[in-house]
Amino acid sequence: QVQLVESGGGLVQPGGSLRLSCAASGSIGSINAMRWYRQAPGNQRELVAAITSGGRTNYADSVKGRFTISRDNAKNTVYLQMNSLKPEDTSVYYCYAEATTVRSRVSNPYWGQGTQVTVSS
């Protein structure tokens, strides 16, 4: 199994910055895609940013130019640097990874437990 643990959420004023981290652990074979999603109350979960194992990135239009996704493959960790935060960025942010284990070459999806980001003055 693979476990994902997020950290770095919190309360920040509009215009501020936060950096989220998500560390994968367990019987990891390889990690392919890693993504950040978010879900606000009453809304569907939406993709915020994605990064492939080779470092190719993709962003939601709403965060382009403000958020940066990166990963450290040696640490099995993905990051989300969030700058110029807006109140509408307030959500629970979830880490997602597609990974194989040491016992299976089948790539399965894994989710973190979520971390709250609140942007408010």
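Just checking, how many residues over the stretch 24-45 are in a strand (DSSP E or B) and either out of contact with any strand residue (DSSP E or B) (no Cβ under 6 Å at 6 or more places or on another chain) or of a type in the set (Lys, Arg) (or both)?
2
Among the residues of the stretch 94-110, how many are in a strand (DSSP E or B) and either open to solvent by 80 Å² or more (accessible area, probe 1.4 Å) or among the acidic types (Asp, Glu) (or both)?
Matching residues across the stretch 94-110 total 1.
Being in contact (Cβ under 8 Å) with a residue 24 or more places away in the chain, hydroxyl-bearing (Ser, Thr, Tyr) and not in a strand (DSSP E or B) is true for just one of 21, 53, 121. Which residue is that?
After applying the criteria, what remains is 121.
Quick grid of which residues meet (1) modelled with pLDDT of 95 or more; (2) touching a Leu at 6+ places or on another chain (Cβ under 6 Å); (3) of a type in the set (Asp, Glu):
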position: 22; (1), (2), (3): yes, yes, no
position: 28; (1), (2), (3): no, no, no
position: 36; (1), (2), (3): yes, yes, no
position: 53; (1), (2), (3): no, no, no
position: 56; (1), (2), (3): yes, no, no
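Give 44, 113, 39 a once-over and let me know the one that is without any contact (Cβ under 8 Å) to a residue 40 or more places away in the chain and either open to solvent by 50 Å² or more (accessible area, probe 1.4 Å) or of a type in the set (D, E, K, R) (or both).
On inspection, the qualifying residue turns out to be 44.
Which numbered condition in (1) within 14 Å of the chain's Cα centre (by Cα); (2) farther than 14 Å from residue 6 by Cα; (3) open to solvent by 40 Å² or more (accessible area, probe 1.4 Å) is the only one that residue 84 fails?
The one condition residue 84 does not meet is (1).
Could you run through the stretch 2-15 and say how many residues are of a type outside the set (A, V, I, L, M, F, W, C), exposed (fewer than 13 other Cβ atoms within 10 Å of the Cβ) and at negative phi?
Going through the stretch 2-15 one residue at a time, the tally reaches 1.
The values are calculated or read from the model by the stated rules, or taken from the named source; none is laboratory data. Everything numeric in this text was worked out from a predicted model, so none of it was measured. Cβ sites come from the backbone with ideal geometry, for glycine too, and all protein chains shown count toward neighbours. Note: areas computed on protein heavy atoms with side chains; ligands, DNA, RNA excluded. Shrake-Rupley method; radii C 1.70, N 1.55, O 1.52, S 1.80 Å.
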